[in-house]
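**Q** Structure incoming, see below.
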Amino acid sequence: MKRITTGTENFKEFMDKNYYYVDKTMLIDDVLSDKVMLYTRPRRFGKTLNMSMLYYFFSNKEKENAYLFEGLNVSKHQHLMLHQNQYPVIFLSLKDLSRENMNLQIDKFKAMISKVVEDYFELKDSPYLSEAEKLIIDNYHYKKSSESDLRDALYNLSIFLEKHYHQKVIILIDEYDVPLQSAYQHDYYDEMVDFIRSVFSSALKTNDALERGVLTGCLRISKESIFTGLNNFTVRTIMDVETSDCFGFTQEEIDELLKYYNLMDNRQEMKEWYDGYLFGKT
């Protein structure tokens, strides 16, 4: 019998350890419906696990992990499977960008960009990149970049990845709103908005190397504040019917869980504890 885990956010660990997985892989279909997608949901509704799932599905570095999707819903749709493990993927979680001042935030962002470079170390010796481009990569890696340079980090890295792999790039940004929440609480909101706006605008708006962009967060930050001019994206909030069943558990999924663990006698008690969420019409 499959075990239940709480707090596991890595899709590969989830599947390899044979935990009970409520299949949300059809989110992939929606991700491919527009250039940039933003999904907002409350905490603990599986956003990070879904982003990890997207990473393992799309990343060209995870071809040996293609087996993770065998038997899942996405595997029944050939037009979606054509995208499996085809793209360089930059996967960034902003959940640790919660420092108490702007300088510390920039330092943390430098560390995150450095980690992306380590994940794609092959760029340092790429025959497709110029010496000037490799110098930019070195500066990212050794955390020598200025704040101004960091604003273009995701843009530059995606350009370099496309040159190296001859394939456009998918950018996944989890918990995009955390640095803004932190900045609001510690009174440097305008500075943070200005920085994040530059990062997102260059990476997601004016980027010819971008295949798809996906963002998740708890809050729906106004389009005017950080998405200025970014008109190529779709927002899926808790009000939208699309992807309403891709986060959290539906009644049908709960019933399957209860049947699997022989707990249908507790159905009404569980409903009293947990029922009450409505996403779209689900």
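**Q** Name the one entry in Ser114, Ser148 that is open to solvent by less than 30 Å² (accessible area, probe 1.4 Å), among the polar types (S, T, N, Q) and closer than 23 Å to Gly213 by Cβ.
**A** Working: Ser148 fails: open to solvent by less than 30 Å² (accessible area, probe 1.4 Å).
So the residue among Ser114, Ser148 that is open to solvent by less than 30 Å² (accessible area, probe 1.4 Å), among the polar types (S, T, N, Q) and closer than 23 Å to Gly213 by Cβ is Ser114.
**Q** Only one of (1) surrounded by 15 or more Cβ atoms within 10 Å (Cβ to Cβ); (2) in contact with a helix residue (DSSP H, G or I) (Cβ under 6 Å, 6 or more places away or on another chain); (3) within 26 Å of Leu219 (Cβ to Cβ) fails for Val22. Which number is that?
**A** (1)
**Q** Okay, next question. Just to check your reading of the model, which residue among Leu104, Leu135, Leu123 is farther than 30 Å from Leu219 by Cβ and surrounded by fewer than 18 Cβ atoms within 10 Å (Cβ to Cβ)?
**A** Numbers: Leu104 fails: farther than 30 Å from Leu219 by Cβ; Leu123 fails: surrounded by fewer than 18 Cβ atoms within 10 Å (Cβ to Cβ).
None of the others qualify; the one that does is Leu135.
**Q** May I ask you to list the residues in segment 38-84 that are buried (at least 21 other Cβ atoms within 10 Å of the Cβ), hydrophobic (A, V, I, L, M, F, W, C) and more than 20 Å from Asp119 (Cβ to Cβ)?
**A** Selection gives Leu38, Phe69.
**Q** Between a residue in segment 202-213 that is farther than 13 Å from Asp34 by Cβ and any residue that is charged (D, E, K, R), which pairs come within a Cβ distance under 6 Å, given they are 6 or more apart or on different chains?
**A** Ser202/Asp152; Ala209/Glu162; Ala209/Lys168
**Q** Can we say Val169 is touching a Leu at 6+ places or on another chain (Cβ under 6 Å), assigned by the TED database to the domain that holds Pro42, among the hydrophobic types (A, V, I, L, M, F, W, C) and buried (at least 19 other Cβ atoms within 10 Å of the Cβ)? Show your work before the answer.
**A** Values: touching a Leu at 6+ places or on another chain (Cβ under 6 Å): yes; assigned by the TED database to the domain that holds Pro42: yes; among the hydrophobic types (A, V, I, L, M, F, W, C): yes; buried (at least 19 other Cβ atoms within 10 Å of the Cβ): yes.
Judged against the criteria, Val169 is a match.
**Q** Follow-up. So, Arg99, is that one of a type in the set (D, E, K, R), touching a helix residue (DSSP H, G or I) at 6+ places or on another chain (Cβ under 6 Å), open to solvent by 60 Å² or more (accessible area, probe 1.4 Å) and within 30 Å of Asp187 (Cβ to Cβ) or not? Working first, answer last.
**A** On the way: of a type in the set (D, E, K, R): yes; touching a helix residue (DSSP H, G or I) at 6+ places or on another chain (Cβ under 6 Å): yes; open to solvent by 60 Å² or more (accessible area, probe 1.4 Å): yes; within 30 Å of Asp187 (Cβ to Cβ): yes.
Yes: the conditions hold for Arg99.
Condition check ((1) in a strand (DSSP E or B); (2) at pLDDT 90 or above; (3) more than 23 Å from Val178 (Cα to Cα); (4) not acidic (Asp, Glu)) across all residues:
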{"position": "Ile221", "(1), (2), (3), (4)": "no, no, no, yes"}
{"position": "Glu224", "(1), (2), (3), (4)": "no, no, no, no"}
{"position": "Gly229", "(1), (2), (3), (4)": "no, no, no, yes"}
{"position": "Asp245", "(1), (2), (3), (4)": "no, yes, yes, no"}
{"position": "Ile254", "(1), (2), (3), (4)": "no, yes, yes, yes"}
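**Q** Something else about it: Checking Trp273 against (1) exposed (fewer than 12 other Cβ atoms within 10 Å of the Cβ); (2) of a type outside the set (D, E, K, R); (3) part of a loop (DSSP other than H, G, I, E, B), only one condition comes out false. Which one?
**A** Looking at each condition in turn, Trp273 falls short on (3).
**Q** All but one of (1) in a helix (DSSP H, G or I); (2) modelled with pLDDT under 95 hold for Glu64; which doesn't?
**A** For Glu64, the exception is condition (2).
The values are calculated or read from the model by the stated rules, or taken from the named source; none is laboratory data. None of the values given here were measured: they were computed from a predicted structure. Please note: Cβ atoms are built from the backbone with ideal geometry, for glycine as well, and neighbour counts cover all protein chains shown. These accessible areas exclude ligands, DNA and RNA; they are computed on the full protein's heavy atoms, side chains included. Shrake-Rupley method; radii C 1.70, N 1.55, O 1.52, S 1.80 Å.
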